[in-house]
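Enquirer: One structure coming up, written as structure tokens, with questions to follow.
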Amino acid sequence: MVPLKPLAVAKSRLAAAVGASRPGLALAFAQDTVAGALACTAVTDVVVVTDDRTAAAELTRLGARIVPDAPGAGLDAALDHGARAVRAARPRAAVAALNADLPALRPSELLRVLDNAAAFPRAFLADAAGIGTTLLSAAPGVELGPAFGGRSRARHSASGAVEIALAGVDSVRRDVDTAADLRTALILGVGRHTARYSARMQATAYTYDSETRSGSVLLDDGTPVPFEAPAFDAGGLRLLRPGQRVRIETDGEGTGLRITLVTLQTF
Ligand SMILES: Nc1nc2c(ncn2[C@@H]2O[C@H](COP(=O)(O)OP(=O)(O)OP(=O)(O)O)[C@@H](O)[C@H]2O)c(=O)[nH]1
Ligand SMILES: C[C@H](OP(=O)(O)O)C(=O)O
């Protein structure tokens, strides 16, 4: 089950960093989350609990089933409602809640988490910050008992759910609440829907040292991203780190030092 707020109010903490892209980016995160879950061999069905009509149409197209957020009483109520809807049709179903803001989600990592979770009546995975929760599961016949929001890792633990202690499942833990989270997700490698938006994160300045032929670009929030351009040329693409490149366009005079536009992209 993937709960999703109306896009007009989703991902509010990203507003300052991404401006008018925010609702589209919130949808892209949900699309990549749902696509990743549907591609996981441990997942039979993906149910999205949402009242957003645009998101409902797009996520249905990917293969998700939509359950309206009938209670309209916050995240935990939406998840209880979703679990009831799932089990009305399939009373012996195991269920898991997964946040809709996991754009780097890899099906193979979700499979490891769900395999691990299946050993316990209730289990959860802490988010990358170690404060919240990105996944909560309940075995057949067991109530989900969601207690999301804020410091939910401690709350889920206190409620008796077993914390999943797996290494190497960063893509399932990497929820995106801030611009810094988004950059980390881009470095992990995001799905195709979010990748479309990442090209819009433009750098505002750069430094370049012609002796070392390296430099750094400054993202709009002030974060420096180093790059190497041993022999860069107009329009060249230079590898930064695995999964991430910088596009460098010169002024066309061929001096190789007058960068006019630098855009961070993922592939
Ligand atoms: N259906 C439903 N989903 C919700 C509700 N509240 C939160 N969610 C979803 O639950 C997950 C975690 O939500 P939040 O961190 O509260 O919200 P967010 O939109 O991700 O980010 P912020 O607006 O910055 O807090 C996301 O997938 C949300 O879309 C709700 O009332 N109903
Ligand atoms: C829902 C909440 O997530 P966040 O506040 O990190 O988006 C949580 O971790 O319980």
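The values are calculated or read from the model by the stated rules, or taken from the named source; none is laboratory data. None of the values given here were measured: they were computed from a predicted structure. Every residue, glycine as well, gets a Cβ built from its backbone with ideal geometry; the counts of neighbours run over all protein chains shown. Surface areas here come from the heavy atoms of the whole protein model, side chains and all, with no ligands, DNA or RNA. Shrake-Rupley method; radii C 1.70, N 1.55, O 1.52, S 1.80 Å.
Enquirer: Please state which one of Pro121, Pro103 is more than 9 Å from ligand 2 (Cβ to nearest atom), open to solvent by 20 Å² or more (accessible area, probe 1.4 Å) and not small (Gly, Ala, Ser).
Expert: Sole residue among the options that is more than 9 Å from ligand 2 (Cβ to nearest atom), open to solvent by 20 Å² or more (accessible area, probe 1.4 Å) and not small (Gly, Ala, Ser): Pro121.
Enquirer: Looking at (1) acidic (Asp, Glu); (2) surrounded by fewer than 22 Cβ atoms within 10 Å (Cβ to Cβ); (3) within 24 Å of Ala180 (Cβ to Cβ), can you tell me which one Asp32 breaks?
Expert: (2)
Enquirer: Let me ask something else. Tell me, please, whether a residue that is of a type in the set (S, T, N, Q), open to solvent by 50 Å² or more (accessible area, probe 1.4 Å) and either within 16 Å of ligand 1 (Cβ to nearest atom) or over 23 Å from Asp32 (Cα atoms) (or both) can be found in the range 169-189.
Expert: Yes; the residues of the range 169-189 include at least one that is of a type in the set (S, T, N, Q), open to solvent by 50 Å² or more (accessible area, probe 1.4 Å) and either within 16 Å of ligand 1 (Cβ to nearest atom) or over 23 Å from Asp32 (Cα atoms) (or both).
Enquirer: Still on this structure, I have one more. Can you name the condition, by its number, that Phe124 falls short on among (1) farther than 26 Å from Arg13 by Cβ; (2) part of a strand (DSSP E or B)?
Expert: (1)
Enquirer: I'm checking my understanding of the structure. Among residues of the range 98-152 that are within 11 Å of ligand 1 (Cβ to nearest atom) and among the charged types (D, E, K, R), which one is farthest from Thr178 (Cα to Cα)?
Expert: This residue is Asp127.
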